[in-house]
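J.: The structure's right below; bear with me while I get my questions together.
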Amino acid sequence: MDFLRPASWEEALAAKAEHPTAVPIAGGTDVMVEINFDHRRPEYLMDLNRIGDLSEWEVGEDSVRLGASVPYTKIMENLRAELPGLALASHTVASPQIRNRGGVGGNLGTASPAGDAHPALLAAGAEVEAESVRGVRRIPIDEFYQGVKRNALEPDELIRAVHIRRADGPQQFSKVGTRNAMVIAVCAFGLALHPRSRTVRTGIGSAAPTPVRAKAAEEFLNAALDEGGFWDNGKIIAPSVAKQFADLCSAACNPIDDVRGTAGYRRHAVGVMARRTLTWTWESYRGARRVSKGAA
């Protein structure tokens, strides 16, 4: 195995163009595990740690540009207000040591359906900034996941950043594991309310070959909230609506039986998480409305 260590982004792109099979490594929290267990033996390994801007972020008026190597710890410490769903998901990633090293770019590159960042990115409506010597493109998160541990990157492309809408409403993340820490998700669920567009988005992890959205559930809930005037009146969502939303989220899953859980358990757990996160986010939304009305 040859080791490539570019000193700049331009060098990295040139090296990737010359060696398309080169595997990028920054935090190494996924790649090194696979190498250590001899599950993967790439011909070339490309160290990106000398490229400083991959570990930087920029908060814009409408979105956050998050460098591919920004550690989860930094997201938790600095972007909780702008990216609350991703910050909550970051809390659940492994151990403090891994949160200090791992980043969203690695989750996206690996494209494991169990990656903790994926549900939050789907719910928030992110875009992946991919680049090669041929140019830059932004891939909508809905188009990024192509199959089990397969993504939409071309062989000569590298992930430079992720563009994520700044939260304009409450977001939540929930994860089921065999214990509270240092665990791969049995299943995970992300939910984001977008009051400006009056829409709800979801993200489901570890319950299908790829991370997915529960689109039928979103359409049902969006219609129910609109028809009932809920965005304006801030009423409590009826249990029947919450149950139907949860059932549709469960139906969006296509899980398998494995050592972490059965397919039936995963469907059930996703439904429970969907109902709970909807309750939590809607109560946060109602509380914020009451505060804003009181201030007015």
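The values are calculated or read from the model by the stated rules, or taken from the named source; none is laboratory data. These numbers were taken from a predicted model, which means no experiment stands behind them. Backbone-built Cβ (ideal geometry, glycine too); neighbour counts: all protein chains shown. With ligands, DNA and RNA removed, areas are computed over all heavy atoms of the protein, side chains included. Shrake-Rupley method; radii C 1.70, N 1.55, O 1.52, S 1.80 Å.
J.: Tell me which strands (runs of 3 or more DSSP E) are completely within segment 18-137 and hold 3 or more residues being open to solvent by 30 Å² or more (accessible area, probe 1.4 Å), or say none if there are none.
T.: Hits in segment 18-137: 57-59.
J.: Against the condition in contact with a strand residue (DSSP E or B) (Cβ under 9 Å, 6 or more places away or on another chain) and more than 18 Å from V136 (Cα to Cα), how does H39 come out, does it pass?
T.: The answer is no for H39.
J.: Still on this structure, I have one more. Quick one: would you say A188 is among the hydrophobic types (A, V, I, L, M, F, W, C) and under 23 Å from E82 (Cβ atoms)?
T.: So A188 passes the test.
J.: Something else: In segment 191-296, which helices (runs of 4 or more DSSP H) lie fully inside it and hold 2 or more residues that are loosely packed, with under 15 Cβ neighbours inside 10 Å, more than 25 Å from the chain's Cα centre (by Cα) and of a type in the set (G, A, S)?
T.: 263-295
J.: Restricting the search to segment 146-173, which residues are open to solvent by 30 Å² or more (accessible area, probe 1.4 Å), under 14 Å from the mean Cα position of the chain (by Cα) and closer than 30 Å to I256 by Cα?
T.: Matches in segment 146-173: N151, Q172.
J.: If E143 meets every condition in (1) part of a loop (DSSP other than H, G, I, E, B); (2) open to solvent by 40 Å² or more (accessible area, probe 1.4 Å) apart from one, which number is that one?
T.: With (1) part of a loop (DSSP other than H, G, I, E, B); (2) open to solvent by 40 Å² or more (accessible area, probe 1.4 Å) applied to E143, the lone miss is (1).
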